[in-house]
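The values are calculated or read from the model by the stated rules, or taken from the named source; none is laboratory data. The model shown is predicted, which means the values in this text are computed figures rather than measured ones. Reconstructed Cβ throughout: ideal geometry from the backbone, glycine too, with neighbour counts over all protein chains shown. These area figures cover heavy atoms from the full protein model, side chains too; ligands, DNA and RNA do not enter into them. Shrake-Rupley method; radii C 1.70, N 1.55, O 1.52, S 1.80 Å.
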Amino acid sequence: MTFDQPALTRWLAGPKVAGLPAPLLGGAAPALSFEFFPPRTEALETQLWACIRRLAPLRPRFVSVTYGASGSTQARTHDTVTRILAETALTPAAHLTCVGASRAEVDAVARRYWDAGVRHIVALRGDAPPGAAYAPHPEGYAFAADLVAGLRAIAPFEISVAAYPETHPAAASPDADLDNLKRKLDAGASRAITQYFFDTEVYLRFLDRAHAAGITAPIVPGIMPVSNFVQAAKFSAACGTSVPSWLARLFEGTEEDPEIRRMVAAVVAAEQVRLLQANGVDEFHFYTLNRPDLTYAIAHILGVRPAAA
Ligand code: FAD
């Protein structure tokens, strides 16, 4: 992803209908990463591992495992990450939040990861329980930028952080939120992964603003393949992602028809990633929700093939 020309200018001058993906024309395949959540039950564990094994041959740059609200999945995240490290050739990244924990507690988790051989952390603030306003732990890292600095002091981790093309819901302003992203990168993170979005132009405008603010680190788009529109719309409202009316219209009438819904979902996500790719984006982070098929199909459309093929 280059910043040689404003992304929005490229978009305005560039193709609005994507042609064949570059890799199918002899160009380089995009770099992918996949996000999983740690399983709560044995059945979900089986589902997660089927998902990991299905997606592993696509050779993602890394796979990340989320940390439950208020650190609620600490042990499960750790177990999943270390099992990925032990049983696959994948590079795992552990999400780590600082909400509700002291610095000493968070540092201990980070040290355990380092000692286990985990070298990549996705450093996040996390959220207060539903209905409560966020307040830092009295002895904790107050914000993600502080956590990044803390991790840097522990070991030379690779650190990714979150970015918000539509601005974090609690930010004082879009500019303040961008300053915060810059602080996280200046503190030692080397990549940002975005909150998911549906409107390509929103992301490209954000890239331009980031560039103008002097940010040169990759800002990797987070792609959420939507298979349950009603649920996704609810979740989007909570995390500040706008749902365009065309998206609602595309899913209209599919509520009772999961097969058709999945087909629509594949088309929507494929079109989104191909438009991004046609506009110079060469790295994508997929929120898989531990279901491999949509992500696999979209990767295929992007020109990414299993290692053996
Ligand atoms: P921060 O970067 O600290 O920012 C939080 C808010 O505080 C922003 O509004 C920012 O502008 C503001 N702010 C920052 N510094 C200051 C300051 N000094 N003074 C005043 N305001 C300030 N949540 C989980 O619980 N587990 C996960 O695994 C997880 N994974 C995620 C992965 C990605 C890619 C993304 C995009 C989000 C993820 N989240 C996860 C959600 C995340 O925890 C929430 O969005 C949270 O509200 C903000 O986290 P942050 O790291 O962006 O916070």
Residue list for the range 209-221, restricted to those being assigned to a helix (DSSP H, G or I) and either open to solvent by 50 Å² or more (accessible area, probe 1.4 Å) or polar (S, T, N, Q) (or both): 209, 211, 212
When the residues of the range 156-188 are narrowed to those that are of a type in the set (Gly, Ala, Ser) and open to solvent by 10 Å² or more (accessible area, probe 1.4 Å), which ends up farthest from the ligand (Cβ to nearest atom)? 188
crowded, with 17+ Cβ neighbours inside 10 Å and within 18 Å of the chain's Cα centre (by Cα), is that true of residue 225? yes
Tell me, yes or no, whether the range 51-74 has at least one residue that is within 16 Å of the ligand (Cβ to nearest atom), part of a helix (DSSP H, G or I), buried (at least 18 other Cβ atoms within 10 Å of the Cβ) and in contact (Cβ under 8 Å) with a residue 60 or more places away in the chain. no
Single residue of the range 189-208 satisfying the filter (surrounded by 19 or more Cβ atoms within 10 Å (Cβ to Cβ) and more than 11 Å from the ligand (Cβ to nearest atom)) that is nearest to residue 294 (Cα to Cα): 198
The listed residue being buried (at least 21 other Cβ atoms within 10 Å of the Cβ), modelled with pLDDT under 95 and more than 29 Å from residue 99 (Cα to Cα), out of 21, 30: 30
Residue under question is residue 103, and the condition is that it be among the charged types (D, E, K, R) and within 16 Å of the ligand (Cβ to nearest atom); does it hold? yes
Scan the range 48-74 residue by residue and report those that are within 18 Å of the chain's Cα centre (by Cα) and over 22 Å from residue 106 (Cα atoms). 48, 51, 52, 55, 56, 58, 59, 60, 61, 62
Those residues of the range 135-145 that are open to solvent by 20 Å² or more (accessible area, probe 1.4 Å) and near the ligand (Cβ under 8 Å from one of its atoms) come to a total of 2
Mind checking which residues of the range 98-128 are open to solvent by 10 Å² or more (accessible area, probe 1.4 Å) and hydroxyl-bearing (Ser, Thr, Tyr)? 102
Of everything in the range 26-50, what is part of a helix (DSSP H, G or I) and not aromatic (Phe, Trp, Tyr)? Give them in sequence order. 42, 43, 44, 45, 46, 47, 48, 50
Contact list, first residue from the range 79-91 and within 12 Å of residue 65 (Cβ to Cβ) and at pLDDT 95 or above, second anywhere and surrounded by fewer than 16 Cβ atoms within 10 Å (Cβ to Cβ) and among the aliphatic types (A, V, I, L, M), beta-carbon distance below 6 Å, six or more apart or interchain, is 82/116
Cβ contacts < 6 Å: first residue more than 20 Å from residue 214 (Cα to Cα), restricted to the range 155-181; second residue within 7 Å of the ligand (Cβ to nearest atom) and open to solvent by 20 Å² or more (accessible area, probe 1.4 Å), any location; separation 6+ or different chain. Result? none
